[in-house]
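Note sheet for the following structure.
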Amino acid sequence: MDVEKILQQMTLEDKIALCSGENFWETKAYEKYGVPALFMCDGPHGLRKQDLGGGTDMLGVNESRPATCFPAEVTTAGSWDPALLEEIGAAVGEEARDQGVGLVLGPGANLKRNPLCGRNFEKLYQ
């Protein structure tokens, strides 16, 4: 797939629509450009996939499909073991492929820089 060529062909409206998605967890498909829809999942400690038919939410209130729950990123990053982090990433990728997920919005691998900042891993400037 020649991404640059596709972007040149897309209208501004199509590019903007790519950012909004088809629904809460899926990107829009653009068959005329050969771009398939992707199902996305998050989950800071592994895969968290909610089936569309069972109700989806961004808070994790509705049921999710079973998946492995890995230790928190602060713990795994603190191990200083890149091979372990690679194994975890590969395992999350396997589960994603098995559940039809095309894009995983996690996990992270970051050290907490200050214990007073509960979500400082999301701040790029630190």
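In region 1-91, counting only helices (runs of 4 or more DSSP H) that sit wholly within it, the ones holding 3 or more residues that are under 21 Å from Gly102 (Cβ atoms) and of a type outside the set (Gly, Ala, Ser) span 3-9, 12-20.
A Cβ distance below 8 Å, combined with a sequence gap of six or more or placement on separate chains, defines the contacts here; from region 59-88, residues that are of a type in the set (Phe, Trp, Tyr) reach residues that are part of a loop (DSSP other than H, G, I, E, B) in the pairs Phe70/His45; Phe70/Gly46; Phe70/Pro107.
Inspection of region 35-48 finds a residue satisfying the criterion of being more than 15 Å from the chain's Cα centre (by Cα) and either surrounded by 15 or more Cβ atoms within 10 Å (Cβ to Cβ) or within 19 Å of Leu105 (Cβ to Cβ) (or both).
Filter region 2-29 for residues that are on the phi > 0 side of the Ramachandran plot and either in contact (Cβ under 8 Å) with a residue 40 or more places away in the chain or exposed (fewer than 10 other Cβ atoms within 10 Å of the Cβ) (or both) and give the result. Selection gives nothing.
Reported count of residues in region 49-98, each being modelled with pLDDT of 80 or more, open to solvent by 50 Å² or more (accessible area, probe 1.4 Å) and either over 23 Å from Glu22 (Cβ atoms) or polar (S, T, N, Q) (or both), is 16.
The values are calculated or read from the model by the stated rules, or taken from the named source; none is laboratory data. In this text, all values refer to a predicted model and were calculated from it rather than measured experimentally. Ideal geometry is used to build each Cβ from the backbone, glycine not excepted, and the neighbour counts take in all protein chains shown. Calculation scope for accessible area: heavy atoms of the full protein, side chains included, ligands and nucleic acids excluded. Shrake-Rupley method; radii C 1.70, N 1.55, O 1.52, S 1.80 Å.
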